[in-house]
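First the structure, in the form of structure tokens, and then the observations on it.
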Amino acid sequence: MPLAPLVEPGPPLTKAQVERYSRHLLLGQLGELGQRRLIAARVLVVGAGGLGAPALLYLAAAGVGHLGIVDDDVVDASNLQRQVIHTTGDVGRPKVDSAAEKVAALNPDVAVTRHHLRLDASNAREVIAGYDIVLDGTDNFPTRYLVSDVCAELGVPLVWGSILRFDAQVSLFWSRPPGGVAGVTLRDLFPSPPPAGTTPSCGQAGVLGAMCGQVGSVMATEAVKVVTGTGEALLGRVLVLDALAARWAELPVRPRPARRPPASVAELGYDPAGSPAGSLGAPLCALPAPAPRERSGPLPAITARTLAERLAARERGADDFVLLDVREPTERGIVAIPGAVGIPLGEVLADPEAAVHRLALGRPGGVGRDLLVHCRSGQRSAEAARALTDAGARAVNIEGGVLAWVADVDPSLPTY
């Protein structure tokens, strides 16, 4: 739907700006006035990863005057398949630094603010309040809901994208759009995050790298349109991409009658660290999250080095345990710890008792064996170990998972 321009135009363009943005100036719907609005705009991109990378490049090229970049992560080699703003030489560097340098190289007139931090309830409002519009390219559900709720509280428009495997979604959320238009937020589409373990991350399920360019570019286009008041915004609509079928579809989003403004952000208790990293894609059939289960005591855990010692002892007949890998089969095809049995986390959480029975943990005389559980980084395995403990197993988490195994035991293996 057409919306009034978000940003007032800045000063008249210089000769150099006319030359740089001439192809924009030729567009009657955008033109010189629209370009001045872009130069005056302050746009925050949360996440300099698969979606943030192309969005940042196109926003910088479009002449957005001030870009903010939020990311607390460093560049990893596995990022380079899709995060095109980073290069091989950037591996190990903070993503905000790598991204800011590429923006400056592309368009030195763009001012960049680096927010090298993880957004949480203590800082999100202060960060977001300094910008006209936000693009959410984050990789975990708590941060996504935090960003959406803060934007809704402040009345800041939010361009939202989600991507996993070969599927993606893009929309515009805005709690208080101009002109009496009905506002919608992420909670009108997905009232609450999906239950833990029901939605794999891109680190578990994979993602087609080139599709990040498609979705990130659509997000940048929506930001340009909202800033300049050009065309029809995606407010009240979700674009859904099926890359394998080469099809875009569209779904309506309407305000939920029961939706209420979010509580004070400081009271919401978001915990991004408690969500699987890389969870880019929320399914359209996302269900309400269950009530948190009470957890008693710390979870038993051992290091990868201790696991190696116990595996060697098991080979000698001096130890007896089951090693469970709760990653997806495709992950196990990339790298695996020898001697592990595979059951994906989703299956474990769906029926922990059945998993215990399937692993034949009992022995004659009723003496049970230890169940050592691992995943890629230790997050999913911790969740599985708690569920299996509740089902009667003596479950122990492997700290750091496969990443720790490669780093501390067998560096010849690949990581992902």
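Quick look at the numbers
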{"quantity": "All positions within the stretch 215-245 that are surrounded by fewer than 19 Cβ atoms within 10 Å (Cβ to Cβ) and not charged (D, E, K, R)", "calculated": "S217, G231, L239, V240, A243, L244, A245"}
{"quantity": "Residues of the stretch 20-46 classified as in a loop (DSSP other than H, G, I, E, B) and either in contact with a helix residue (DSSP H, G or I) (Cβ under 7 Å, 6 or more places away or on another chain) or open to solvent by less than 10 Å² (accessible area, probe 1.4 Å) (or both), total", "calculated": "3"}
{"quantity": "Filter result (among the charged types (D, E, K, R), in a loop (DSSP other than H, G, I, E, B) and crowded, with 21+ Cβ neighbours inside 10 Å) within the stretch 121-139", "calculated": "D139"}
{"quantity": "3 or more residues at pLDDT 95 or above: qualifying helices (runs of 4 or more DSSP H) within the stretch 283-367", "calculated": "304-315"}
{"quantity": "Hits in the stretch 140-157 - residues which are outside any helix (DSSP H, G or I) and buried (at least 24 other Cβ atoms within 10 Å of the Cβ)", "calculated": "P157"}
{"quantity": "Criterion: among the basic types (K, R), open to solvent by 70 Å² or more (accessible area, probe 1.4 Å) and either more than 14 Å from P300 (Cβ to Cβ) or touching a helix residue (DSSP H, G or I) at 6+ places or on another chain (Cβ under 6 Å) (or both) - qualifying residue of R376, R358, R380", "calculated": "R358"}
{"quantity": "Candidate set from the stretch 84-111 (those that are of a type in the set (S, T, N, Q) and in a loop (DSSP other than H, G, I, E, B)); member that is surrounded by the most Cβ atoms within 10 Å (Cβ to Cβ)", "calculated": "N107"}
{"quantity": "Residues within the stretch 246-265 that are modelled with pLDDT under 95 and surrounded by 12 or more Cβ atoms within 10 Å (Cβ to Cβ), tallied", "calculated": "7"}
{"quantity": "Pair list, Cβ under 6 Å, 6 or more apart: the stretch 298-311 residue closer than 16 Å to L388 by Cβ, other residue in a helix (DSSP H, G or I)", "calculated": "L299/A382; L299/A385"}
{"quantity": "Set R114, R118: member being outside any helix (DSSP H, G or I), of a type in the set (D, E, K, R) and either at pLDDT 95 or above or crowded, with 24+ Cβ neighbours inside 10 Å (or both)", "calculated": "R114"}
{"quantity": "The one condition in (1) within 16 Å of L44 (Cα to Cα); (2) crowded, with 21+ Cβ neighbours inside 10 Å that L164 fails to fulfil", "calculated": "(1)"}
{"quantity": "Which listed residue, of L13, L57, is crowded, with 17+ Cβ neighbours inside 10 Å and touching a Phe, Trp or Tyr at 6+ places or on another chain (Cβ under 8 Å)", "calculated": "L13"}
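The values are calculated or read from the model by the stated rules, or taken from the named source; none is laboratory data. Owing to the predicted nature of the structure, the values given are computational and were not obtained by experimental measurement. Virtual Cβ from ideal backbone geometry, glycine too; neighbours counted across all protein chains shown. All accessible areas refer to the heavy atoms of the entire protein, side chains included, with ligands and DNA or RNA removed. Shrake-Rupley method; radii C 1.70, N 1.55, O 1.52, S 1.80 Å.
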